[in-house]
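The values are calculated or read from the model by the stated rules, or taken from the named source; none is laboratory data. These numbers were taken from a predicted model, which means no experiment stands behind them. Reconstructed Cβ throughout: ideal geometry from the backbone, glycine too, with neighbour counts over all protein chains shown. Heads up: the accessible areas ignore ligands, DNA and RNA and are worked out on the full protein's heavy atoms, side chains in. Shrake-Rupley method; radii C 1.70, N 1.55, O 1.52, S 1.80 Å.
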Amino acid sequence: MPTALALLLVLSLILVACASSGGPEAAGAPRRAAQLSPPPMAPVDQTVHELHGDRRTDEYYWMRDREDPRVIAYLEAENAYLEEALAHTDELQAELYEEIVARIQETDLSVPYRKGDFWYYSRTEEGKSYPIRCRKRGGLDAPEEVLLDDNVLAEGQEYFRVGVFRVSPSHGLLAFATDTSGAERFTLRFKDLETGEMLPDRIENVSYSLAWAGDGVVFYTVQDETHRPYRVMRHRLGTDPSSDVVVHEEPDERFYCGVSSTRSDEYVLMGMGSKITSEYWFLRSDDPLGEFQVVAPREQGVEYDVEHHDDRFFVVTNADGATNFKLMVTPISSPGREHWEEVIGHREDAMITGVDAFADHLVVSERSGGLPQFRVRRLADGAEHFVEFPEPAYATGPGVNAEFETATFRFRYESLVTPDSVFDYDLEARTRVLKKQDEVLGGYDPEDYESERLWATARDGAKVPISIVHPRNFPRDGSRPLLLIGYGSYGSNYDARFSSTRLSLLDRGFAIAIAHVRGGGEMGRRWYEDGKFLKKRNTFTDFIDCAEHLVAQDYTRPERLAISGGSAGGLLMGAVANMRPELFHAVIAHVPFVDVVTTMLDESIPLTVIEYEEWGNPNDPTYYEYMKSYSPYDNVAH
């Protein structure tokens with residue numbers, strides 16, 4: 001269980017660090033062991049990078065070669081050093097492991113969803129690592145049909161993952177794709193759900209998307225050498241995959257391809273998108289050998305998504321300066337931009353993030369004040385209302401809504417104290433039914449904890465939201481440890497979600513906070529754009545300002561403040577540790593993106609070119625100098 005082991009390591013490091021800094025004994029961590037010396041770096045030649053008249057000396061560039069015996073030897077030495085340095089926490093790690101596992105409901109069942117005459121769901125069984133995917137025909141009291149048992153497929157494999165899982169429109173066939181290497185290059189297979197037999201068709205190197213066109217044809221995507229889904233292919237069941245037709249090949253390395261089916265199953269959608277530009281094509285599912293038609297040709301900087309409803313498409317787009325997006329509608333017979341008509345206009349105080357169309361209603365997903373919300377519109381008369389939520393900080397999003405002819409909208413909801421929950425919402429009566437809430441074993445009581453929504457003032461005056469959870473009656477005297485988490489890239493929302501793992505910190509007196517810094521999308525599109533390209537440093541200073549706010553408000557002190565972030569959030573950790581090392585006592589960086597300049601100059605790395613529209617292209621001297629100013633790897637000074 002690598003993930004569980006990583007969590008154990010993170011928790012033990014945080015607990016040890018905060019306890020050794022004079023945090024409360026309630027933290028329950030042993031004192032730090034005597035200082036050890038890390039393993040010496042193997043002597044190597046330095047590498048000098050020269051660009052734009054600038055010279056960078058890199059003493060560790062040799063470590064990029066994974067096959068170099070010196071790299072392996074050094075990593076083994078570092079692992080041995082880590083084991084020795086944390087040997088005094090072995091009992092704590094064992095205690096944490098038992099706590100984490102004891103909270104997990106191993107035998108569980110997802111909420112069934114209806115599609116046609118079938119109810120689909122998955123379940124897990126104690127002692128088994130993977131789900132069992134099932135359905136029932138006609139009603140929930142009907143006999144169970146096992147469509148796919150991932151545990152059987154995973155037998156004998158060191159790694160296993162199911163990517164694509166799509167049942168055909170007639171419910172008679174299953175398309176599924178598996179990865180047994182971890183490289184995310186999947187093998188596509190097909191199963192006859194009436195006989196249980198596997199079909200001979202087998203397609204290699206597919207990506208994550210697939211769409212059925214009737215029961216005889218599928219559209220899927222394949223990857224190039226950089227793992228970019230760059231081709232859309234058409235396959236007729238029963239034919240040799242080598243004869244599959246290339247429907248579209250995307251030459252622009254900034255763009256990736258995907259295919260999907262509309263909720264009605266009437267159309268196949270083919271989308272091409274970069275970080276800031278998108279384009280959709282459509283084809284009737286009952287004409288799978290026909291030609292795709294474009295909704296609107298791509299225009300640099302214009303994004304849009306498409307949702308089918310009868311004889312029209314609803315379109316969410318940022319066209320014509322709609323930074324926070326607007327909702328449009330257009331006839332399928334003439335879908336171009338010149339025919340788009342406004343349904344919900346652009347607003348500076350709220351961002352439209354998506355739309356779900358049903359026979360009589362639209363459900364528009366939005367963000368306002370840093371929080372997600374649902375706007376419900378009755379199509380007959382335009383009457384609207386918003387779904388209400390009870391807590392100051394939460395996460396919500398659409399669930400599985402497979403049926404078009406329905407007045408019920410399924411959504412998921414959770415918060416820092418409320419476990420992941422599935423609700424069915426009556427769009428007319430405005431009532432909701434809780435279908436399932438994840439069970440946390442061991443007597444979890446949400447009343448033992450309290451969540452809050454705070455606002456920190458950034459140095460340029462921007463108001464940055466902070467979601468925080470702590471034990472009830474938490475003392476505001478700076479005596480308690482706090483873990484501050486951040487991400488702040490790609491416009492991704494780091495919402496206030498529940499984590500049973502965090503209880504191991506909360507129950508030891510910690511507060512846990514999320515800084516919703518610029519670069520994320522929590523406060524709308526401008527919030528994202530103000531934390532990317534040549535404004536990326538706002539992400540880092542926002543995080544620092546949030547940390548200082550928590551200290552000023554007596555939630556903690558720097559000597560009891562731990563911070564954590566992964567991937568691009570690991571870049572955040574490296575940057576703020578360089579900028580304000582005295583403000584943080586423990587820093588956890590998961591798979592951190594810290595060598596920004598060198599990485600973004602290496603076009604052999606998968607998806608580097610696509611990333612230019614997130615970070616900028618360092619071949620441009622302006623972006624090069626700006627990246628170098630914050631790249632953690634290039635700014636270590638302590």
Worksheet item: Can you pull the accessible area of ILE514 for me, 1.4 Å probe, Å² to the nearest 10?
Response: 0 Å²
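In the neighborhood of ASP108, defined by Cβ-to-Cβ distances under 13 Å, what is the net charge if each Lys or Arg adds +1 and each Asp or Glu adds -1? Please report the intermediate quantities before stating the final value.
Details: positive: ARG103, ARG123, LYS128, LYS436; negative: GLU106, GLU125, GLU126, ASP420, ASP438, GLU439.
My count for the surroundings of ASP108 gives -2.
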Worksheet item: What label, among [x] 1.05; [y] 1.15; [z] 0.96, belongs to Rg/Rh (Cα atoms, Kirkwood Rh) computed from the structure on display?
Response: [z]
Worksheet, complete the sentence: Rounded to the nearest 10, the angle in degrees between the Cα long axis of helix 2-20 and the longest principal axis of the Cα atoms of the chain comes to 30 degrees
Practice prompt. Could you point to the residue in VAL111, VAL167, HIS88 farthest towards the positive end of the stretch 87-175's charge dipole, with +1 and -1 charges on the Cβ of Lys/Arg and Asp/Glu respectively?
Written response: VAL167
Worksheet item: Among the listed pairs LYS115/LYS326; LYS326/LYS536; LYS275/LYS463; LYS115/LYS136, which are separated by more than 18 Å between their Cα atoms?
Response: LYS115/LYS326; LYS326/LYS536; LYS275/LYS463
Worksheet entry | Heavy atoms of HIS88 accessible to a 1.4 Å probe, total area in Å² rounded to 10 | 60 Å²
Worksheet, complete the sentence: Descending accessible area (1.4 Å probe), largest on the left, turns SER181, SER629 into SER181, SER629
Practice prompt. Report the net charge of residues surrounding ASP286, where surrounding means a beta-carbon distance below 12 angstrom and charges are Lys +1, Arg +1, Asp -1, Glu -1.
Written response: -3
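Report, to the nearest whole %, how much of the accessible area of the chain belongs to carbon and sulfur atoms, 1.4 Å probe, protein only.
Numbers: 13860 of 28550 Å².
Whole-percent figure for carbon plus sulfur exposure: 49.
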Fill in: Residue-averaged 222 nm ellipticity for the chain, from DSSP H runs of 4+ at -39500 (n - 2.57), nearest 500
-5000 deg cm²/dmol
Discussion item. Could you sort VAL167, VAL596 by their accessible area in this structure, using a 1.4 Å probe and putting the largest first?
Written reply: VAL167, VAL596
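Give me Rg/Rg_expected for the stretch 81-134, where Rg uses Cα atoms only and Rg_expected = 2.2 N^0.38 Å with N residues. Spell out each step's value before the answer.
Numbers: Rg = 18.7 Å, N = 54, 2.2 N^0.38 = 10.0 Å.
Compactness ratio reported: 1.87.
Averaging the inverse of every distinct alpha carbon separation and then flipping it gives the Kirkwood radius. What is it for the stretch 396-538, in angstrom units? The partial results should precede the final answer.
Numbers: mean 1/r = 0.0578 Å⁻¹.
Mean inverse Cα-Cα distance, inverted, gives 17.3 Å.
Rank LEU550, LEU607 by accessible area, highest first, at a 1.4 Å probe radius? All intermediate terms of the calculation are to be shown ahead of the outcome.
On the way: LEU550 0, LEU607 70 Å².
Correct descending sequence by accessible area is LEU607, LEU550.
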Worksheet item: To the nearest 10 square angstrom, how much accessible area does ASP224 have with a 1.4 angstrom probe?
Response: 20 Å²
Worksheet item: In cubic angstrom, how much convex hull volume per residue do the alpha carbon atoms of the stretch 471-624 span?
Response: 117 Å³
Worksheet item: When ligands, DNA and RNA are left out and all protein chains stay put, how many square angstrom of accessible area per residue does the chain have with a 1.4 Å probe?
Response: 45 Å²
